Structures are given as C-alpha cells and as structure tokens.
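Report on the following structure.
The values are calculated or read from the model by the stated rules, or taken from the named source; none is laboratory data. Since the structure is predicted, the reported quantities are computational estimates derived from the model, not experimental observations. As a convention, Cβ positions derive from the backbone with ideal geometry for all residues, glycine included, and neighbour counts pool all protein chains shown.
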Amino acid sequence: MRSLELFAGIGGIALAEQMAGIEVAGLCEYADYPRAILQKHWPDVPLFKDVTKLDREELTNAGISPDSIDIVSGGFPCQPFSIAGHRRGTEDDRDLWPEMFRIIKQLWPTWVVGENVANFANMELDRTLFDLEGAGYQARAFVLPACAVNAPHQRLRTFIVAHSNREGQLQSQGAYQDQRRWTRDGSEVLADASSKRRQTSSHDEFRNIANWQSKRQFSTTSSTPAKWQPEPSVGRVADGVPNRLDRLKALGNAVVPQQILPIFKAIVQIEEADQ
C-alpha cells in the first residue's frame, strides 16, 4: 500500500504508516522547520510545499502515479477548532479541509485517514463525514488519548477513517447520526457516517480500536483517578537555542505515532484479508 500524507508536520503519521508496513509515496508540508525534519528522515520521498497547488499533474511531475495512492492521510490544520485558536471553525482561513477533500476527490484513494484536535468532534465532524459520504466513502471517527499508548499526557485527538469500495459496493445512504459513547478505556467512539450501514465484514477490525484496552491508564478498579497532562510537557530549553520556537510548535502539532498506529494496522489487515 502507498500513502500520500498532507499537512505532514514532522512526520508522526508518516512514521506510523511505515511502522504498519505502508510505503510513504509523498509528503506535503508548508512550514520550513518541519520540512527540514521530513527531508532528513525521508530524503527520497517527494516533498511538496503548497497543498492548494497540489494536484494529479504535480504528483505525476514528481514521479508519483496518482492512481497508485491507496491512502490519503493528514492532520489538517487544527487551529480553527482548537481552544487556543479561538475555535472559529470554518470561518477561519486556516481551515484547509476543503483542500484535502479536493485532493481526495482527484485521487479517489481506497482509504482516507484524518486527524484533528478532540474539539473538532464538537464543531465540524458532521461536515467532514458528510463530505466523505457524499463522495462515496463510508466513514467512522474515533477520539483516542495518547496516554492509551503509554504517553505521559492525555492528548485527546479525533481520528477519521474512511473507506471506499472501488467497485461501488459501498453506497451513500442515510445521514450521519451523532451517536457518541465512551468505552471503558476512555476513548470516545463516534458512529459511522450512516448508522444503518454497519458492516459485518472485515471492517469489524475497527471494533478492536474502539475497544482499545489500556489498563494502566484507565483502571476501573483504582479508587484514585489517574491524572495526565493535557499536552506533552517540554523540557528546559536554553534561551538562544536556534529554532526553539519552531521546535516547540512542531512538538505541539505532532501526532504520537503509536496513537494512530492501530488504525493503520487495521487497514493493512483488512486489505490483506481481502486479497
């Protein structure tokens, strides 16, 4: 399987894809500091800068066959939906989901994986799932904490997983119903884009994600509730160190690879089972 990662940051999602056995075919990132990190760790992978100009022609010119992309992934900018970004949502000019969706419609990948802040589930998840469903995808969303993979912070993130059957067996039906529930491990699971369209096939691999066990962090027997920092703490950094602010920003935007890894593993398992 081959992936194109948009809004790649310092490569947290790309690293998770590699860990799952997925080839990273292309990366797109605008900021200079993360681009330097990506070029260091993926020197042979084409790196694009402006997502608003990325299209089939630019991919082809870089030696990437657009039809070879199985997964389009990306943590589309979260500032419009974060508390720090004043939660302006789609009114914020940093809302770049429309650009990601444009690329999805051009490439028509089998899978789409998106990432955003937890508050995204309360603001614009409906729009994203409606867009994907309208394009012929079946989508699900999960809110998973980083502490479930032994990270020292909670870092709740919304992950969107969408699949399109290229033979057209998955038809767009119904409407997205906002049916949230909390599993015992503390991760929130959001319903399918259509609650009537539950699948009994290999897509049930994602039930393992919904029922993710993390006994150390979410003990149901302890009388003392566990405590985590909302976001990762940053160690002491001496004043005057080059790129200090860029490093802090990159860390703040980064995805914990192990946090999203189960999703990519499930995708690989589904594809292998279908072969």
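General observations
- Annotation: of all residues in region 19-30 being in a strand (DSSP E or B) and of a type outside the set (A, V, I, L, M, F, W, C), the one that is nearest to Met1 (Cα to Cα) is Glu23.
- If the condition is being in contact with a strand residue (DSSP E or B) (Cβ under 6 Å, 6 or more places away or on another chain) and either touching a residue at least 40 places away in the same chain (Cβ under 8 Å) or under 21 Å from Ile260 (Cα atoms) (or both), then region 46-57 contributes Val51, Leu54.
- Among the residues of region 1-35, those identified as surrounded by fewer than 19 Cβ atoms within 10 Å (Cβ to Cβ) and at pLDDT 95 or above are Arg2, Gln18, Met19, Gly21, Glu23.
- Odd one out for Asp44 among (1) out of contact with any helix residue (DSSP H, G or I) (no Cβ under 7 Å at 6 or more places or on another chain); (2) over 21 Å from Phe264 (Cβ atoms): (2)
- Looking only at region 135-153, and only at residues there that are farther than 22 Å from Lys105 by Cα and crowded, with 20+ Cβ neighbours inside 10 Å, the one that is modelled with the lowest pLDDT: Ala148
- Residues in region 73-82 that are assigned to a loop (DSSP other than H, G, I, E, B) and touching a strand residue (DSSP E or B) at 6+ places or on another chain (Cβ under 7 Å) were compared, and the one that is surrounded by the fewest Cβ atoms within 10 Å (Cβ to Cβ) is Ser82.
- Qualifying residue in region 20-40 (condition: free of Cβ contacts under 8 Å to residues at least 12 places away in the same chain and within 25 Å of Asp274 (Cα to Cα)): no
- Top-ranked residue of region 31-72 - restricted to ones that are hydroxyl-bearing (Ser, Thr, Tyr) and in a helix (DSSP H, G or I), ranked as nearest to Glu17 (Cα to Cα): Ser68
- Of all the numbered requirements in (1) part of a helix (DSSP H, G or I); (2) modelled with pLDDT of 95 or more, Thr128 misses one, and that requirement is (2).
- Restricting region 228-267 to residues that are of a type in the set (Lys, Arg) and at pLDDT below 75, the residue that is surrounded by the fewest Cβ atoms within 10 Å (Cβ to Cβ): Arg236
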